[in-house]
Structures are given as structure tokens and as C-alpha cells.
Amino acid sequence: CIIEAMKLMNELEAEVAGEIVEILVQNGQPVEYGQPLMRVNPG
């Protein structure tokens, strides 16, 4: 997952392996620190 913050692109790595089952935010939508971005089914 790549997140833009202050015009910089930041790559995020999941804490668990699995399948993304739901994306909780839209492209371009502002997010807050700690806000869930997606649901992952661990696997």
C-alpha cells in the first residue's frame, strides 16, 4: 500500500500475511493517524 503524505509517497507493509477483503477508504480521501485503511483476512 502506498500513502501520500505531504507530497511524499510512503510505502506501508502489512503486519500480517493474508488477503485484502475490504478497502475502507477511497483514493484521495484524507485519513487520520491510526485509521484502518483495509481489512485483511489472515492467511
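Of the strands (runs of 3 or more DSSP E) lying entirely inside the chain, those containing at least 1 residues that are in contact (Cβ under 8 Å) with a residue 24 or more places away in the chain and among the hydrophobic types (A, V, I, L, M, F, W, C) span 2-5, 38-42. Taken residue by residue, segment 25-34 has no member that is under 10 Å from the mean Cα position of the chain (by Cα) and of a type in the set (D, E, K, R).
Exactly one of these conditions fails for Gly34: (1) on the phi < 0 side of the Ramachandran plot; (2) at pLDDT 90 or above; (3) surrounded by fewer than 11 Cβ atoms within 10 Å (Cβ to Cβ). Give me its number. Against the list (1) on the phi < 0 side of the Ramachandran plot; (2) at pLDDT 90 or above; (3) surrounded by fewer than 11 Cβ atoms within 10 Å (Cβ to Cβ), Gly34 comes up short only on (1).
The values are calculated or read from the model by the stated rules, or taken from the named source; none is laboratory data. Everything numeric here is computed off the predicted structure, so don't read it as measured data. Neighbour counts are summed over all protein chains in view; Cβ atoms, including those assigned to glycine, are modelled from backbone coordinates with ideal geometry.
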